[in-house]
Each structure stands twice: as structure tokens, then as C-alpha cells.
Amino acid sequence: MINEKILVVTDNKELFEFFAELLVDQKDLLGGRTVKFVCSPGNDLFEDDVHGYAVSPLRIKDHIDEVIQDFDLVISAHCKQIFPDKLVQNRTCINIHPGLNPYNRGWFPQVFSILNSLPLGATIHEIDEEIDHGNIIAQKAVPLLAWDTSLTAYNRVQDAEKDLIRENLQAIFTNTYTTFPPKEEGNVNLKYDFNELREIKIEETITFQKAIDKLRALTHPPYKNAYFIDPVSGDKIWIQIILEKDTSDDRSNQTKS
Ligand code: 0FX
């Protein structure tokens, strides 16, 4: 089947802008195809058109039949909506995911990779009825560094996603890509699991390594994620951590004063 009418569902401004620029820069990609961009209702990140591409809101579950009728291919570029089963069973749906499937599928993969040391990266895969689960078209591992926060790791993941989009979009548009199954079921984290991490229980006893990992996993400015409740005042206090690798050559004078 030739993909002529393509729907891109995104809630991520950076990926939308990257996509729109790619379509303009690589004119061959389009051929006679049309690409329409939509986002989830309530997303107010997309005020401006980019290269003539606008993003309009669409609640997919209310328009499944129209989407099936009007489009040959649906791409999710960080869409916050779960694709309905009927849609994924009737149209090729492809997901661009900021994690290395099957590890830490679901919400904010880099947060959980920092906590559980499972591999991190980016994946483009076919969507099936389960979260971040279908056959893989391409993926790229991203190293996790001891001084990474969620933000620095995420920025590297997003670069990997852009590389994958650049390298694979032609094959996806022309339906000439190949796939392979994920090597195992892996694990899934939900938004609830992330929210459960956010309160730091100040009476909890853990190693410094675990404490540093938890705080760096929750450090992603400008978001306020980690907090504790001051037992004296009852105030809620936000926490972020700063990590900096020593880049000086002379390791001998590190700690002596
Ligand atoms: O677009 P996205 O990067 O991706 C998220 C999920 O991780 C992904 O699995 C899903 N397919 C997609 C639809 O939604 O999410 P974001 O732009 O809301 O957040 C980007 C990063 O910012 C996130 O990885 C961690 C950080 N963040 C975000 C929020 C909203 C926080 O640290 N705290 C927050 O409250």
C-alpha cells in the first residue's frame, strides 16, 4: 500500500518543528503526499505555523472512523493519547518513542533508566494494542552518564529521535521499511509511577548513590518534580540537584586543601 495521506499526531513542539523543517528541506520525501499535523485537545504549545504547517486539536477516540477513512498512515510523535485498538487494527500506525524498547516503555523513560539502570535510547516502531510494544523499525541506544540529570539525558534522546526520523522517514512514507520484534516484553512505567517518585521522604534511609540517582532522575528544569515537606513548618520545598563532571586534568589536587 502506498502512503499518500499521512497524519502526524504530536504533543511535542520540538519534534513538530523538526518534522516540518525536514519536509521542507527534503522535498523528495513528500512527492505527491499530504501531511497533516494534529495535537491533543488542550495542548497550547502550537501557536505558530512552521513552514506553512499548522497543528490543530483532534481527540482521536472521537474520530476513529474519519481517521481510518481519510489517512493511509498515522504517525505518533509523542502523542499523549492512546491510539484506540480499532485504529491500530485498520491503519499502519507508527510511534516515535523516547526510549529503547522494550526497556522502560511508557512514561518518561530516561527518568526510570537513571533509577533502574536499564538501557536508554530512542525507538521507531509499529503501534499495536499495548504501550510502546509493537515491532521495531529502528532504534538507537543513548549512553547514560554518571552526571546526567533527566534533562541532559532527555536532550540526548531527542537528538537520537531526530537522527532516526531523518534516517527512516523515506522508508516509512514509501512503506518499504522492515521490522523486527522486541527481544522481550520489557517493563512499562505509567504517569502514576512518575508521580509516586516525586515526594522525597526525608526520614527514609538509603545510600548516597540511590539518593543522588533519585534526585538527578527528577531534575528536569524548568519542571518542579522532587519535593519534601519540612517537618517544622509543613512547607513544601522543591529540590533539584546540580552535577558537574570535573574536567581538569590534574586529579591530584581534587580534595586536598
Ligand atoms: O513528549 P514527551 O517527551 O514524552 C512523553 C512520554 O515520555 C512518552 O513515552 C510518550 N510517548 C509521550 C506522549 O509523552 O513528554 P513531555 O514533553 O511532557 O516531557 C518531556 C520531559 O520533560 C520528560 O521526559 C520529563 C520532563 N518532565 C515533563 C513534565 C510534564 C518533567 O520532568 N516533569 C513534568 O512534569
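The values are calculated or read from the model by the stated rules, or taken from the named source; none is laboratory data. Remember, predicted model here, so these are calculated numbers, not experimental data. With ideal geometry, Cβ positions are generated from the backbone for all residues, glycine too; neighbour counts draw on all protein chains shown. Side chains included, ligands, DNA and RNA excluded: accessible areas come from the protein's heavy atoms. Shrake-Rupley method; radii C 1.70, N 1.55, O 1.52, S 1.80 Å.
Is it true that Gln89 is surrounded by fewer than 21 Cβ atoms within 10 Å (Cβ to Cβ), not in a loop (DSSP other than H, G, I, E, B) and not basic (Lys, Arg)?
Details: surrounded by fewer than 21 Cβ atoms within 10 Å (Cβ to Cβ): yes; not in a loop (DSSP other than H, G, I, E, B): yes; not basic (Lys, Arg): yes.
Yes; evaluated as a whole, the condition is true for this residue.
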**OP:** Output the residues belonging to the stretch 35-85 that are assigned to a helix (DSSP H, G or I) and open to solvent by 20 Å² or more (accessible area, probe 1.4 Å).
**Re:** Lys61, Asp62, Ile64, Asp65, Glu66, Ile68, Gln69, Asp70, Asp85
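Among the residues of the stretch 1-28, what is the count of those that are among the aliphatic types (A, V, I, L, M) and more than 16 Å from the ligand (Cβ to nearest atom)?
Initially, the stretch 1-28 is screened for residues among the aliphatic types (A, V, I, L, M), giving 1-2, 6-9, 15, 20, 22-24.
If we keep only those that are more than 16 Å from the ligand (Cβ to nearest atom) as well, we get 1-2, 6, 20, 22-24.
Qualifying residue count, the stretch 1-28: 7.
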**OP:** Within the stretch 53-67, identify whether any single residue is among the charged types (D, E, K, R), modelled with pLDDT of 95 or more and touching a helix residue (DSSP H, G or I) at 6+ places or on another chain (Cβ under 7 Å), and answer yes or no.
**Re:** no
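Conditions (1) at pLDDT 95 or above; (2) under 30 Å from Glu126 (Cβ atoms), marked per residue:
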residue	(1), (2)
Thr178	yes, yes
Val188	yes, yes
Ile206	yes, no
Ile212	yes, no
Ala217	yes, yes
His220	yes, yes
Val232	yes, no
Asp235	yes, no
Ser252	no, no
Subject >> Residue count for the stretch 104-124, restricted to those that are under 30 Å from Asn3 (Cα atoms), away from the ligand (no atom under 11 Å from the Cβ) and not small (Gly, Ala, Ser) >> reply: 1
Subject >> Filtered residue count, the stretch 81-99, keeping only those that are touching a strand residue (DSSP E or B) at 6+ places or on another chain (Cβ under 7 Å) and more than 12 Å from the ligand (Cβ to nearest atom) >> reply: 5
**OP:** Test Phe37 against the criterion of being over 27 Å from Asn189 (Cβ atoms), within 16 Å of the ligand (Cβ to nearest atom) and touching a helix residue (DSSP H, G or I) at 6+ places or on another chain (Cβ under 9 Å), and give yes or no.
**Re:** yes
